[in-house]
Amino acid sequence: MDRVTIKQISNAFIPAREIDDSEKFAGRSSYIQNAFFALNSKGNNIAIVGARGIGKSSLSRQIINLSQGDNSLLEKLEIFYDDSLDYLSLYIACGNKVKTIDDLLIRLLTRRDCLLEWVYDIPAAKKELDKLSGGFDVKVLKAGAEHSGELTNESVIKTHEVDVIFENIIKQLNDIEIAKDGILIVIDEFDQIENPEGFAKLLKSLATNSPSVKFCVVGVAQDLQNLLKEHGSTDRLFADSVINLPSMSDIELDEIISNAEGSIKKFITFDEGARKKMIELANGHPYLIHLIGKQALKTAYLNNIQKIDHDYIESTLKEIAEKETDPVLEGRFKKAVASSYQREAVLRAMAQSVKSDGEVWTTDAYKIALDYGIENASQYVGHLVTDEYGAELIKLRERYYRFKDSLFQTYIKARPWMTSDK
Ligand SMILES: Nc1ncnc2c1ncn2[C@@H]1O[C@H](COP(=O)(O)OP(=O)(O)OP(=O)(O)O)[C@@H](O)[C@H]1O
Ligand SMILES: [Mg+2]
């Protein structure tokens, strides 16, 4: 058998990164097909909404690849195509600094990996961009901004409206036909924008004035209206291109494991029991397959184990908790439990009682809590909705709750007990 490299072992699963490479992108065939049609249709934008860690960013990366004429994923999925696309495609993740649409537009205009590079080649666009800095060369502004971290809205002398400047520049890029199919702007983590007011209006205006610019907005939300925080009608702007990304099926999750094995030439494999266990634990979240898979492969490699089984996955879960492999999820867990056996028991009882619609009925959960010896469970549920314990639970109505996010709920179920081995 071929020896594999540490690099291959370390990158077989990538919990910390979205999937760029079409080879490693599992499942999602109908969504790719849908997105490819959307990229081919004039005038409509695309949205990807869904739960945390479900694979939204990865899908958006694949959409960028398709938009730039890379059809390898279509080949792999045997999806028919008759042309290669040619977009100028930009990707931006909002993070926590983008608070308004103006912040977003300024970043799009002034970041080198976004529009800045292109604007410099077009004198009229460059002139327009200089308005942002009140006539100063925007390069100076950019250099200064890089020095002090990111460019903020306040640092811009606002003699002109940012959205007008943005629209003008897009129109200029549009007019010179910068790419055959237009410009694709992927805005990831759109849900982080505190106040997205004005976005729908901007889309409407661009649809009229620069029809070849297309947005793909991506974020944690139940639906488009929630993502855009917009209550007016936005349907027409997105036609039928809203992708509501569901959990992954067992077959799709299994494919992630097979792809990882393939990338290390099956030097280490996961047996049936291990795969079943991982898929059950992941509960539709590809992230957890990557998190568990990566840790299991690493220790197996170091201990010269070539077959990973059910028990090995169990012990991997302990390591993930002890080593805080995911410090964010583990931190949230510790905050919610805060060293109390009772609170951990109630948290687990609630996580185990989630119904298929995501709701928890306390009558179900309190029965399980009673099995753990907790008689006053409602008191601990009372804690778990407060900020002090992370507000992981949300009260819907009398006796009904839901978890703030299903990834955390899944983590609770997968994680071994902290305060007791019960
Ligand atoms: N189709 C896929 N095939 C294989 N792995 C995937 C796929 N989609 C997502 N993943 C993996 O699952 C994890 C989460 O994916 P991603 O970051 O795309 O999700 P997300 O929905 O954008 O998450 P977040 O809500 O945190 O932004 C990553 O490790 C990614 O590599
Ligand atoms: Mg993401």
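The values are calculated or read from the model by the stated rules, or taken from the named source; none is laboratory data. Because the structure is predicted, anything quoted here is derived from the model rather than measured. FYI the Cβ positions are ideal-geometry reconstructions off the backbone, even for glycines, and counts take in every protein chain you see.
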Worksheet entry | Criterion: loosely packed, with under 15 Cβ neighbours inside 10 Å and within 30 Å of Leu202 (Cα to Cα) - qualifying residue of Asp86, Asp82 | Asp86
Practice prompt. Scan the range 83-105 residue by residue and report those that are more than 21 Å from Glu117 (Cβ to Cβ) and part of a strand (DSSP E or B).
Written response: Thr100
Worksheet item: In the range 316-334, what count of residues is obtained for those that are surrounded by fewer than 15 Cβ atoms within 10 Å (Cβ to Cβ) and in a loop (DSSP other than H, G, I, E, B)?
Response: 2
Worksheet, complete the sentence: Taking the range 1-23 and keeping residues within 16 Å of ligand 1 (Cβ to nearest atom), over 19 Å from the mean Cα position of the chain (by Cα) and not in a helix (DSSP H, G or I) leaves Ala12
Practice prompt. Could you list all residues from the range 235-263 that are out of contact with any Lys or Arg (no Cβ under 9 Å at 6 or more places or on another chain) and among the β-branched types (Val, Ile, Thr)?
Written response: Val242, Ile251
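Kindly check whether there is at least one residue in the range 80-89 that is away from ligand 1 (no atom under 15 Å from the Cβ), more than 20 Å from the chain's Cα centre (by Cα) and of a type in the set (Gly, Ala, Ser).
yes
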Response to the item:
When every residue in the range 3-24 that is away from ligand 2 (no atom under 14 Å from the Cβ), out of contact with any Asp or Glu (no Cβ under 8 Å at 6 or more places or on another chain) and free of Cβ contacts under 8 Å to residues at least 60 places away in the same chain is compared, the one farthest from Ser406 (Cα to Cα) is Thr5
Worksheet item: What pairs can you find where one residue is in the range 274-296 and on the phi > 0 side of the Ramachandran plot, the other is more than 13 Å from ligand 1 (Cβ to nearest atom) and in a helix (DSSP H, G or I), and their Cβ atoms are less than 9 Å apart, with a gap of 6+ or different chains?
Response: Asn283/Gln409; Asn283/Lys413; Asn283/Ala414; Gly284/Asp250
Worksheet item: Considering only strands (runs of 3 or more DSSP E) fully contained in the range 157-265, which possess at least 1 residues that are over 20 Å from Gly50 (Cβ atoms) and of a type outside the set (Phe, Trp, Tyr)?
Response: 182-188, 213-220
Practice prompt. Just one of (1) away from ligand 1 (no atom under 12 Å from the Cβ); (2) more than 20 Å from the chain's Cα centre (by Cα) trips up Leu77, so point out which.
Written response: (1)
Worksheet entry | Unmet requirement for Asp235, which otherwise passes all of (1) away from ligand 2 (no atom under 16 Å from the Cβ); (2) surrounded by fewer than 20 Cβ atoms within 10 Å (Cβ to Cβ); (3) at pLDDT 90 or above | (3)
Worksheet item: If Glu117 passes every condition in (1) outside any loop (DSSP other than H, G, I, E, B); (2) in contact with a helix residue (DSSP H, G or I) (Cβ under 7 Å, 6 or more places away or on another chain) but one, which one does it miss?
Response: (2)
Worksheet, complete the sentence: The condition from (1) at pLDDT 95 or above; (2) within 16 Å of ligand 2 (Cβ to nearest atom) that Ala51 misses is numbered (1)
Worksheet item: How many residues are assigned to a helix (DSSP H, G or I) and surrounded by fewer than 18 Cβ atoms within 10 Å (Cβ to Cβ) when one looks only at the range 362-406?
Response: 10
Item to complete: May I ask you to list the residues in the range 186-232 that are of a type in the set (A, V, I, L, M) and within 16 Å of ligand 2 (Cβ to nearest atom)?
Response: Val186, Ile187, Ile193, Val217, Val218, Val220, Ala221, Leu227
Worksheet item: Residues in the range 349-370: is at least one of a type in the set (Gly, Ala, Ser) and at pLDDT below 95?
Response: yes
Worksheet, complete the sentence: When Ala26 is run through (1) assigned to a loop (DSSP other than H, G, I, E, B); (2) away from ligand 1 (no atom under 16 Å from the Cβ); (3) surrounded by 15 or more Cβ atoms within 10 Å (Cβ to Cβ), the failure sits at (2)
Discussion item. As an exercise: evaluate Ala145 against (1) hydrophobic (A, V, I, L, M, F, W, C); (2) buried (at least 21 other Cβ atoms within 10 Å of the Cβ); (3) outside any loop (DSSP other than H, G, I, E, B); (4) at pLDDT below 80 and give the number of the one condition it does not meet.
Written reply: (2)
Response to the item:
The residue that is farthest from ligand 1 (Cβ to nearest atom), considering only those in the range 182-198 that are touching a Gly at 6+ places or on another chain (Cβ under 9 Å) and charged (D, E, K, R), is Asp191
